[in-house]
Structures are given as C-alpha cells and as structure tokens.
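Worksheet: one structure, shown below.
The values are calculated or read from the model by the stated rules, or taken from the named source; none is laboratory data. Note that this is a predicted model, so its numbers are computed, not measured. Cβ: placed from backbone, ideal geometry, glycine included. Neighbour counts: every protein chain shown. Side chains are part of the model used for accessible areas, which takes the heavy atoms of the whole protein and leaves out ligands, DNA and RNA. Shrake-Rupley method; radii C 1.70, N 1.55, O 1.52, S 1.80 Å.
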Amino acid sequence: MTEVGTHVSVIRNARVAGPGREFLVDDEPVDIHIDGGRIVDIAPAGALPVGGETIDADGAWVVPGLWDNHVHTVQWALASEREQLGAAVSAVDAASRMAGVAPLADGRRVGTGFRDALWADSPSLQVLDAATGDEPTYLINADVHSVWLNSTALAREGFVSSDGMLREEDAFEISKRVNVVEPVHGDLAVRAAGQAAAARGVTGIVDFDMAWNADAWARRASAGFNTQRVEFAVYPADLARAIASGLRTGEVLPETGGLVRVGSLKIITDGSLGTRTAACSHAYPGDAADFGVLNIPPAELIGLLTEAVGSGLAVAIHAIGDRAVSSALDAVTVTGASGTIEHAQLVRHADLARLARLGLAVSVQPQHAVDDRDLVKQYWAVQTAVGYPMASLLRVGAELRLGSDAPVAPLEPWQAIAAAVHRTNDEREPWHPEERLSVDEALAASVRSAVRPGEPADLVLCAADPQDADPSMLRAMPVLATLLGGSITHLT
C-alpha cells in the first residue's frame, strides 16, 4: 500500500499546472514516470506500461514542489509553544494575555506576534510589570525587530530599558536566547514543523535562523529530517568560522543525503516597518529627523560583501526601506557580490532596474503586503518609492522569489501565492493592483524546478487547478500528496 516514505515510480492520470504546463495541450492527462529521484518521462495517460509503486491522481493537478525562500526555522518551529498575541488590540490587552501564561522549561514566559504600530497606547514597563509580576516575561514583535520585556526579564538578561522595549540588535539577541532549547527538543519541533509544511506542498526552505546552522542541520538530517531540501544561512558573527570550515554557497553538507546545502551570508542592513526602523529616504511622521536606521554602515557592508565574494559565499541582504535597498545595491556594484535582496518593501524607481542589471534575485513576502497596508498608510504615506513591488520587478527582468518570513507570516505557500495574485485577504479591494502577479508568475516564483523530464521529482498533487481557483480556494489549496525526490512526504 502506498504510504508516506514510499518511493513512487509513476503518478498516473495527472494534469500539469505551473512550470511545465506550457508543453502540454488542453490539460491532457499524463503519466509522470520517476526513477532515481527524477522525472524520466511524461507520456499520455496509459501510453506506457506501469510498474512499481504508483499514485493514481485521478485527474488531479500536479505542480512543482514549492519553496519558502525565507524562514527562521527554529523560531517558526517553537512558535506553537508560545502565547499567540496577533489578536491583541492594545498594550494593556497584550500584557494581560501574558498574565496567566505558564513558564517554559527555561523559566521564561514567552509571547509572540504582537503588532503595536497601530495600537492607541504604547508598550510600557509599568503596564507589563503590573500584569505579569515577578515572572520573567518576554513578548516578541511579529516582525522580530523589537521585544517587550518586564523588569524581571530585563534583569535576567542584563539589559536596561525605560519602557521595556528593546530594538534591532538587542531584540535579536533576546530572540536568539529564547530560541536556545535542548537540541532534541528543538529538532523534534523542527521535524514536526517540516511535516506540517510538507502537508502544504513545501519541498524546500531557505533557513535564516540566527545561529550556527551547519551543525544543527547535519544533526537533524542524521536524525531523520527528510521532508524538505534546505539552504541555510551564515551570519556575520560566524563568517570567520564559516570560512575556516570551508563552507561555500551551493555545496552539499556531508552526510545529509543531498538535502542540505550551504546558503548565503545573511546581513541585516536596516530595521522594519512594524518597529518603525526601516531606513527610508523620507522621515517617519512626528519626527523630522527619524529616517529609520542602517544597522550596517555602507563601508562596513562593502567590507562584508568583499569578504563573502572572496570566500565563495553569496549574500542575502535584508533591506526593507528604500535607503537600505540603495545602500545594498551600491555595495553589490562595488564588490560584484551575487545573491538576493530580502524583503525590498520600499524601492526607488531607478533601483528597480538596477536590481535586475546586477543579477540579484529579490526575495519577497506577499503576505506582508496585505498585512502591512494599514501600516504603510500610517507611516509611509510621504514615501515616494514603490511599496511592496512584485510585478514591477518582473517587468524590469528581475528574478522574484516568494516566501513567508515565518513565523512573521505563516509558512503557507498557497497563502503567499494568493496574496501575490489578489493583493488582499479581506473584503477590501486589491492594494496597489498594478503590482499583482498572475497565477503562473506566482507559481514560478515559488518553485525551483518544473514538471519536465530531467527535473527533480519534487512534486505536489493538488485537488484543484490553481489557474481556476477563486481566492479562498487558492489560499487553502487542498494538497493530496507531496513528493520529494520521488519519495512521499505527505499523503491524504
């Protein structure tokens, strides 16, 4: 009986959607033949003898395996153990929700996902202390660029803050500390999260955990993690270690069955919109001197990119505000670095074409566009650059990659595709509809392969044709099966 873990030889009676569909006519049912982890033939249904394990698609639709190109893996995996604060409507509300939360094994009470930018009140030490008392309590902003701690937590971590808020590097340090759990605990959480992602058709992730990921992924793969291909990042703090270890972008990590590869040097050059720290060319409301922050000055960025290029590492540059994007492109121009710009939520018109000319891929999160539309109205109303560009990037010839930034948004590729196609997830009209993608464009930006002979047999069997799905169906696309290299990782 076909089950999870089975190596499939043939998917029978399937119809192809997304990349690869252009070679077929009139949604003709086909048999997809698999050998050695790759597609070896695509023939009219029933044309060739069928042997080995089969899946009868019964006319369902096959798309290439989906990638999430921006994931903070451990933080995403541990999010289910933390108090969810996305529904909190004020600082008082968020603080009160933490009052009865049970401490984790390390004694910390942790909440995640609050969005304070549109609250009528502001986070304060007094409000959080009154609700949480002496229990060390940590609230992590949805964008991870700020955290709100009570007095006990501040003392425990050795930080001082008049309002309990820590931002940027201090916030990242807190997140790194709360993400440190026993390896067995963390690996089990990552494995469970990977299985959940496989159920949504995810066959690959780009891991941007703020940790030394080489050892962690070798350990996880040895323990049986096998649901996704992984590319893992290195951060500047570990750059010397990565170079000394001989890590080079694209190389397979030994003893991971070919699933884990070295990714890029991740550099966070500015803040975020939610924390009001993204580096912009026009000031934020209320302070004519507040243009956000550049976490990495231009000269330092050039130095990091130079070192990466000389060491065989691509770069993944976090740049949200238009000033940060320009700084990143300047540094790439000087150094010849290759890789990606991550987020690119505000881009000057001239920089759109420059991204393409420099050969950089642009990794964007469509769900952020629909989640942030009210924040943009509040905080970026005077900005003149293009907000959350997608179609504009394709028009100038840039490569587009979609992702979630999980846990900032759910690791849910169909939600990202629907947000890219419809630019809304509620009753409101599409936000900046000129930046909408077609379904084919969104799918192409969500995969690394195609349904063609010679390609990896990373495949997703869907109950509906994405082309014909309405917004709610596209967002909640029923996934019948997921294959990674021809092996079933999910089956309904």
statement: Computed from the beta carbon distance with a Förster radius of 30 Å, FRET efficiency for A87 and V160 to the nearest 0.05 stands at 0.50
Approximate spin-label separation D468-K176, in nm, with each point projected 7 Å along Cα-to-Cβ: 5.2
query: What number, in percent, do you get for the relative contact order of region 365-441 if the mean sequence gap of Cα pairs under 8 Å and at least 6 apart is divided by its residue count?
result: 38
- prompt: Hey, how many Å between the Cα centroid of region 109-147 and the Cα centroid of region 424-470?
  reply: 36
Rounded percent of accessible protein surface that carbon and sulfur make up, region 336-420, 1.4 Å probe: 49
field: Under the Karplus curve 6.51 cos²θ - 1.76 cosθ + 1.60, θ = phi - 60°, whole-Hz ³J(HN,Hα) for region 479-491, x wherever Gly or Pro sits
entry: 9, 8, 7, 10, 10, 10, x, x, 9, 6, 10, 8, 8
Computed over the chain: relative contact order in percent, which uses C-alpha pairs under 8 Å that are six or more apart: 19
- prompt: Taking the mean number of other Cβ atoms within 10 Å as a proxy for protection, how do you rank 83-91, 312-320 from highest to lowest?
  reply: 312-320, 83-91
- request: Quickly work out the W119-to-R395 label distance, labels modelled 7 Å from Cα along the C-beta direction, and quote it in nm with one decimal.
  value: 3.9
- prompt: Once you put a point 7 Å from the Cα of D129 and another 7 Å from the Cα of E169, both along the Cβ direction, what distance in nm separates them?
  reply: 2.7
message: Residue by residue through region 293-306, what is 3J(HN,Hα) from phi via Karplus (6.51 cos²θ - 1.76 cosθ + 1.60, θ = phi - 60°)? Round to whole Hz and write x for glycine and proline.
response: 10, 9, 5, 10, x, x, 5, 5, 5, 4, x, 5, 5, 4
field: Calculated FRET efficiency for the pair A47/A299, C-beta based, R₀ 60 Å, to 0.05
entry: 0.45
222 nm mean residue ellipticity, helices alone, for the chain (DSSP H n ≥ 4; -39,500 (n - 2.57); rounded to 500): -8500 deg cm²/dmol
Cβ crowding within 10 Å averaged over residues, with 379-388, 231-240 ranked highest first: 231-240, 379-388
message: Please give the charge dipole size of region 116-181, origin at the Cα centre, charges +1 on K and R Cβ atoms and -1 on D and E Cβ atoms. Round to the nearest 20 debye.
response: 180
- prompt: Hey, what's the chain come to in accessible area per residue, 1.4 Å probe, Å²?
  reply: 38
query: Ranked highest first by the average count of other Cβ atoms within 10 Å around their residues, in what order do 448-454, 141-147, 326-332 fall?
result: 141-147, 326-332, 448-454
- prompt: Can you run phi through the Karplus equation (6.51, -1.76, 1.60; θ = phi - 60°) for region 459-464 and list ³J(HN,Hα) in whole Hz, with x for Gly and Pro?
  reply: 9, 10, 9, 10, 7, 9
Residue among A87, V40, G18 farthest towards the positive dipole end of region 14-96, charges placed on Cβ: A87
- prompt: Counting only residues 5 or more places away or on other chains, whose amide H sits under 5 Å from the amide H of T6 once H atoms are built in the peptide plane?
  reply: I488
